[in-house]
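**Q** Take a look at the following structure, please.
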Amino acid sequence: MSKKICGYICKGCGIGDALNTAKLAKAAGEQGVKEFKEHDVLCSPEGVAMIQADVDAGYNALLIAACSSRVKTDEFAFGSQVLVERVSLREQVVWGLSEADEEDTLMAGEDYMRMGAIKLSKSEPPTPYQLEGEVAKAVLVVGGGVAGMNAALAAAKAGSQVILVEKEAQLGGFLGKMAKLGPQTPPYRALEDTKVDELVGKVSGLDQIKVYTGTTIDKTEGAPGNFTVSLSNGEQVRAGAIIQATGWLPYDPENLKDELAYGSNPNIVTNVQFEEKAKTGDLSGINAIAFVQCAGSRDQNHLPYCSAFCCLVSCKQAMYVKAANPEASVYVVYKDVRTPSQSEEVYREAQRQGVIFIRRDETYPSISGSGKLTLTTKDVLLNEQVDLEDLDMVVLATGMKPNNPKVVDAPLVAFGEDQEKAKQMTEEAKAQNEDWSILNLAYRQGPNLPTLKYAMPDSHFICFPYESRRTGIYTAGTVRRPMRVSQAQEDGVGAAMKAVQVIRAAEVGCAVHPRSGDETFPEFAMQRCTQCKRCTEECPFGAINEDDKANPLPNPTRCRRCGVCMGACPERIISFKNYSVDIVGSQIKSIEVPEEDEEKPRAVILVCENDALPVIDMAARMGKTWSPYFRFINVRCLGSVNLVWIADALSKGIDGVGLFGCRRGEDYQCHFIKGSEIANVRMSKISETLTRLALESDRIKVSEVGINEVETLMDILKSFQDTIDTVGPNPYKGF
Ligand code: SF4
Ligand code: SF4
């Protein structure tokens with residue numbers, strides 16, 4: 001494309017008062033942006049109209065020097081074929097450097113203009129990736145329980161064809177096995193019918209939903225917009241997206257033999273077994289019964305987490321007993337009653353009906369008896385021992401495990417700091433993976449969705465519910481996290497919306513979040529590939545397969561555009577149209593580095609666009625200021641940082657390089673799963689090289705900062721500045 005470039009400088013928000021705009025334009029001119037216009041308020045309708053008129057006249061590459069790229073995104077968008085590069089003069093210069101002197105502020109402004117201009121000059125408009133052949137538009141739902149059926153209905157309602165695969169002979173899942181449902185409607189006190197037949201009828205009655213019962217998945221191949229799925233009945237179906245709603249497994253009570261005498265008496269049963277009894281039998285013969293909460297939950301030796309449904313279920317089941325025999329003595333022995341939101345009303349209703357709640361501590365009650373049972377516990381509220389005798393039954397309120405193989409993502413774990421622990425976790429995961437699979441993915445990275453510690457196939461539990469680490473494959477309901485029926489209903493709908501979106505994204509050739517709408521994708525200059533496999537192994541999303549000669553085979557519709565592969569590739573042959581090793585390297589090289597005697601050190605800070613950039617913007621907005629010697633450069637993810645950029649910076653005489661990204665670890669919030677971890681490992685490897693070159697490794701700083709951690713950011717910036725002052729000028733300055 002022939003590029004027609006124009007630059008725009010906004011003089012609003014204090015920019016015009018603080019900076020000499022003619023000098024800024026001159027600096028950008030050195031890097032190829034020769035034409036400039038100024039406006040008092042560029043984001044105003046008049047300012048935008050001025051730019052639009054230029055676009056209409058054929059300008060297709062715009063340098064907009066105004067506020068942060070995170071604001072005014074609608075105003076400064078002119079279609080995907082018009083390149084827009086934003087220079088954050090407001091946040092990163094005028095606000096963030098308000099305490100600096102005029103000369104330093106201008107030097108920073110000029111550097112940001114040069115960096116923006118060179119990036120714009122080297123970027124190309126994207127050509128959206130198009131799958132070969134027709135995009136498959138059907139949504140495949142695996143699992144016909146509450147979440148799966150609601151996902152199927154929601155996708156159908158949104159206009160999609162749906163294929164619903166259920167391994168049992170009929171739809172319904174656990175809902176079909178329940179006697180009653182907890183209250184769903186105000187005032188949330190009365191138990192309700194499950195209405196499972198109605199739900200199954202709705203699903204079965206829709207032509208748009210093709211149901212396969214008694215069927216499992218033999219193989220899943222392909223990518224979003226183009227999955228080919230082989231079913232156990234010998235049929236093959238095509239789907240554009242997949243929702244795994246395979247539900248939960250009860251925690252195995254065999255593990256509770258020691259603690260709660262499970263198996264010693266047939267009247268010690270789990271909540272699931274009791275539900276079955278309630279559905280099929282008569283409870284009127286029960287005169288005394290106790291429910292034991294947290295049976296193997298919130299216990300490091302069993303399930304460490306709270307399933308957040310067992311307290312509600314015990315209240316419901318206690319009410320079954322009271323309904324069958326109002327005179328029955330019903331006890332609930334609990335650690336904490338956890339009945340959030342409207343479930344609280346069920347707890348109150350159970351109390352109103354005479355159910356007695358006894359609070360215990362961490363110690364499990366002792367349960368004994370060969371005929372009638374005795375339960376002994378310490379009531380911590382009354383501080384006395386309680387013996388419940390002549391019990392007909394004891395119900396163990398066990399928790400939920402996801403119905404999913406546990407597969408801790410080995411590369412993710414391997415990037416952890418504690419390598420011994422990483423090895424142990426990987427081994428444990430391998431041991432627990434019973435060699436079974438639900439989706440049987442034909443992916444180079446393995447047949448199952450990667451999981452975190454509890455076999456929940458998570459991607460980013462804070463920002464991206466339903467996401468797995470395999471793009472286009474979503475999870476819904478209790479396979480994702482423990483939840484109750486009403487939440488699983490909503491979950492199914494949420495996942496269905498994600499599935500519909502990813503199919504649309506495959507059609508138009510753009511990314512799903514966090515870079516929603518991005519039409520660039522990694523391009524491989526394959527003639528220089530050495531088949532080292534780093535890109536395949538490090539891609540957090542399993543987007544790259546490989547052939548039998550180890551050539552990478554990218555699947556662009558699986559790709560989230562993080563650039564981790566670009567950072568990994570030692571041959572530097574992976575690039576995006578507007579993000580490449582060359583572009584960022586050129587940005588770094590465009591920074592003016594003053595001579596040593598000017599005593600104006602320089603540090604480049606590569607900031608991840610998901611957490612670090614927003615917190616810098618927030619700090620600026622809050623009136624925080626930092627050293628005028630820092631230069632921030634946005635990167636898609638710290639995992640995309642190629643080591644050559646560090647070399648570029650240091651060989652140019654830049655005194656320090658910072659990498660600021662999201663938090664990592666088991667409770668990570670990295671939007672691309674492991675960017676900060678990868679950056680840490682890569683940087684630890686180059687510190688040896690630095691020492692060999694007589695450069696202090698302190699010049700490189702990798703820091704983690706959460707999106708809301710302004711004070712942490714300020715501390716990190718301050719300490720980095722102190723370090724640079726201490727280590728002194730880069731000896732390569734001036735070479
Ligand atoms: S950009 Fe990210 S998601 Fe895409 S192939 Fe590279 S590493 Fe994988
Ligand atoms: S990292 Fe680069 S050189 Fe290695 S296999 Fe991937 S594309 Fe080829």
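Derivation of every value follows stated rules applied to the coordinates shown; laboratory data play no part. The structure presented is a predicted model; accordingly, all values stated were derived computationally and were not measured. Cβ atoms come from the backbone with ideal geometry, glycine included; neighbour counts cover every protein chain shown.
**Q** In which sequence would Met393, Met115 go, from the one with the fewest C-beta neighbours within 10 Å to the one with the most?
**A** Least crowded to most crowded, the residues run Met393, Met115.
**Q** What do you get when you divide the Cα radius of gyration of the range 579-735 by 2.2 N^0.38 Å, with N the number of residues?
**A** Values: Rg = 14.8 Å, N = 157, 2.2 N^0.38 = 15.0 Å.
That works out to 0.98 for the range 579-735.
**Q** Taking amide hydrogens as modeled 1.01 Å from N in the peptide plane, which residues meet the under 5 Å criterion relative to Val135, leaving out close sequence neighbours?
**A** Here the answer is none, since no amide H 5 or more places off falls under 5 Å of that of Val135.
**Q** Oh, and also: Going highest first, how would you order 368-374, 584-590 by mean Cβ packing within 10 Å? Numbers along the way, then the final one.
**A** Values: 368-374: 13.9, 584-590: 21.7.
The packing order, highest mean first, is 584-590, 368-374.
**Q** Okay, helix-only estimate at 222 nm for the chain: each DSSP H run of n ≥ 4 adds -39500 (n - 2.57), divide by all residues, round to 500 deg cm²/dmol; what do you get? Please report the intermediate quantities before stating the final value.
**A** Numbers: 20 runs with 224 residues, N = 735.
That comes out to -9500 deg cm²/dmol.
**Q** Right, here's the next one. Summing Lys, Arg as +1 and Asp, Glu as -1, what charge do residues with Cβ under 12 Å from the Cβ of Asp491 carry, Asp491 excluded?
**A** On the way: positive: Arg480, Arg481, Arg484, Lys498; negative: Glu490.
With Lys, Arg at +1 and Asp, Glu at -1, the net is +3.
**Q** Please give the FRET efficiency for Asp547 paired with Thr726, using the beta carbon to beta carbon distance and R0 = 30 Å, rounded to the nearest 0.05. Walk me through the numbers before you get to the answer.
**A** On the way: r = 51 Å, r/R0 = 1.69.
Between Asp547 and Thr726 the formula returns 0.05.
**Q** Starting with the fewest neighbours, write out Met683, Met497 ranked by other beta-carbon atoms found within 10 Å of each beta-carbon. Intermediate values should be presented prior to the final figure.
**A** Values: Met683 20, Met497 15.
By the 10 Å Cβ count, ascending: Met497, Met683.
**Q** Specify the inter-centroid distance of the range 281-356 and the range 362-399, based on alpha-carbon positions, in whole Å.
**A** 13 Å
**Q** As I understand it, the dipole of the chain uses +1 on the Cβ of Lys and Arg and -1 on the Cβ of Asp and Glu, about the Cα centre. Which of Gly159, Val292, Gly12 lies farthest toward its positive end?
**A** Farthest towards the positive end: Gly159.
**Q** A further question on this structure: How large is ³J(HN,Hα) for each residue in the range 378-392, as worked out from phi by the Karplus curve 6.51 cos²θ - 1.76 cosθ + 1.60 (θ = phi - 60°), to whole Hz, x for Gly and Pro?
**A** 9, 7, 6, 6, 8, 6, 8, 6, 10, 10, 9, 10, 6, 7, 7
**Q** My understanding is that a pair violates if its Cα-Cα distance is over 20 Å; which of Lys180/Lys335; Lys180/Lys279; Lys157/Lys401 do that in this structure?
**A** Working: Lys180/Lys335 25 Å; Lys180/Lys279 8 Å; Lys157/Lys401 30 Å.
From the list (Lys180/Lys335; Lys180/Lys279; Lys157/Lys401), the Cα-Cα distance tops 20 Å for Lys180/Lys335; Lys157/Lys401.
**Q** Something else: First obtain the Kirkwood hydrodynamic radius of the range 523-574 from its Cα pairs, then insert it into the Stokes-Einstein equation at 37 °C and 0.692 mPa s, and state the resulting D in µm² per second as a whole number. Numbers along the way, then the final one.
**A** Numbers: Rh = 10.8 Å.
D = 305 µm²/s.
**Q** Could you list Cys43, Cys529, Cys608 in order of exposure, starting from the residue whose Cβ has the fewest other Cβ atoms within 10 Å? Present the calculation step by step, with values, prior to reporting the outcome.
**A** On the way: Cys43 19, Cys529 16, Cys608 29.
Placing the least packed residue first, the sequence is Cys529, Cys43, Cys608.
**Q** I've got another one for you. Could you tally the net charge around Pro552, taking each other residue with its Cβ under 13 Å from the Cβ of Pro552, Lys/Arg +1 and Asp/Glu -1?
**A** Working: positive: Arg444, Arg528, Lys533, Arg534, Lys549, Arg558; negative: Glu523, Glu537, Glu538, Glu546, Asp547, Asp548, Glu571.
Overall, the nearby charge balance is -1.
**Q** Then there is this: With both bridge residues required to lie in the chain, what share of the DSSP beta bridges run antiparallel, to the nearest 5%? Present the calculation step by step, with values, prior to reporting the outcome.
**A** Numbers: 31 of 95 bridges.
Expressed as a percentage, antiparallel bridges in the chain total about 35.
**Q** Turning to a different aspect of this structure: Please state the relative contact order of the chain as a whole percent: Cα pairs under 8 Å, 6+ residues apart? Could you put the intermediate results ahead of the total?
**A** Details: 1594 pairs, mean separation 93.8, N = 735.
For the chain, the relative contact order is 13 percent.
**Q** Could I ask something else about it? Could you run the Karplus curve 6.51 cos²θ - 1.76 cosθ + 1.60 with θ = phi - 60° over the range 262-272 and give me ³J(HN,Hα) per residue in whole Hz, x for Gly and Pro?
**A** 4, x, 7, 8, x, 8, 9, 10, 8, 4, 5
**Q** Arranged from highest to lowest average of other beta-carbon atoms within 10 Å per residue, in what order do the peptides 141-149, 625-633 appear?
**A** Numbers: 141-149: 31.0, 625-633: 21.1.
The densest-packed peptide leads the list: 141-149, 625-633.
**Q** Can you give me the three principal axis dimensions of the range 225-339 from its C-alpha atoms, in Å, biggest first?
**A** 59, 35, 29 Å, listed from the longest principal axis down.
**Q** Can you work out the Karplus-derived ³J(HN,Hα) for every residue in the range 204-220? Use 6.51 cos²θ - 1.76 cosθ + 1.60 with θ = phi - 60°, whole Hz, and x for glycine or proline.
**A** Per-residue couplings from phi come out as 5, x, 8, 4, 5, 10, 9, 9, 10, 9, x, 10, 10, 9, 8, 7, 10 Hz.
**Q** When the Cα centres of the range 37-78 and the range 656-713 are compared, how far apart do they sit, in Å?
**A** The range 37-78 and the range 656-713 have Cα centres separated by 34 Å.
**Q** Stokes-Einstein at 25 °C, 0.890 mPa s, Kirkwood radius from Cα pairs: D for the chain in µm² s⁻¹?
**A** Values: Rh = 28.8 Å.
The diffusion coefficient I find is 85 µm²/s.
**Q** Find the Rg to Rh ratio for the range 229-291, where Rh is the Kirkwood radius over alpha-carbon pairs and Rg uses the same atoms.
**A** Numbers: Rg = 19.5 Å, Rh = 15.8 Å.
On the Cα set of the range 229-291, Rg over Rh gives 1.23.
**Q** Treating the beta-carbon of each Lys and Arg as +1 and of each Asp and Glu as -1, no other charges, what is the dipole magnitude of the chain about its Cα centre, to the nearest 20 debye? Before the final figure, lay out each step's value.
**A** Values: 81 positive and 99 negative charges, 294 e Å.
Computed charge dipole of the chain: roughly 1420 debye.
**Q** Going toward the positive end of the dipole of the range 9-119, with +1 on Lys and Arg Cβ and -1 on Asp and Glu Cβ, which of Phe78, Leu42, Trp95 do you reach last?
**A** Phe78
**Q** If you count, for each residue, the other Cβ atoms within 10 Å and average over each peptide, how do 449-460, 562-573, 94-105 line up from highest to lowest?
**A** On the way: 449-460: 21.7, 562-573: 23.2, 94-105: 17.1.
By packing density, highest mean first, the sequence is 562-573, 449-460, 94-105.
**Q** Another question, then. So, R0 is 35 Å and r is the distance between the beta-carbons of Glu102 and Gln81; what FRET efficiency does that work out to, to 0.05? Present the calculation step by step, with values, prior to reporting the outcome.
**A** Working: r = 39 Å, r/R0 = 1.12.
For R0 = 35 Å, the calculated efficiency reads 0.35.
**Q** Name the residues whose placed amide hydrogens come within less than 5 Å of the amide hydrogen of Arg602, ignoring near sequence neighbours (fewer than 5 apart) on the same chain.
**A** Asp655, Gly656
**Q** What size of dipole, in debye to the nearest 20, comes out for the range 141-194 about its Cα centre when the only charges are +1 on Lys and Arg C-beta atoms and -1 on Asp and Glu C-beta atoms?
**A** 100 debye
**Q** Which percent, nearest 5, of DSSP beta bridges in the range 253-401 are antiparallel?
**A** That works out to approximately 35 percent antiparallel.
**Q** Which residues' amide hydrogens lie under 5 Å from the amide hydrogen of Glu38, considering only partners 5 or more residues apart or on another chain, with H built in the peptide plane?
**A** Amide H to amide H, under 5 Å and 5 or more residues apart or across chains, Glu38 pairs with Ile9.
**Q** Hey, how many Å between the Cα centroid of the range 132-163 and the Cα centroid of the range 508-565?
**A** 26 Å
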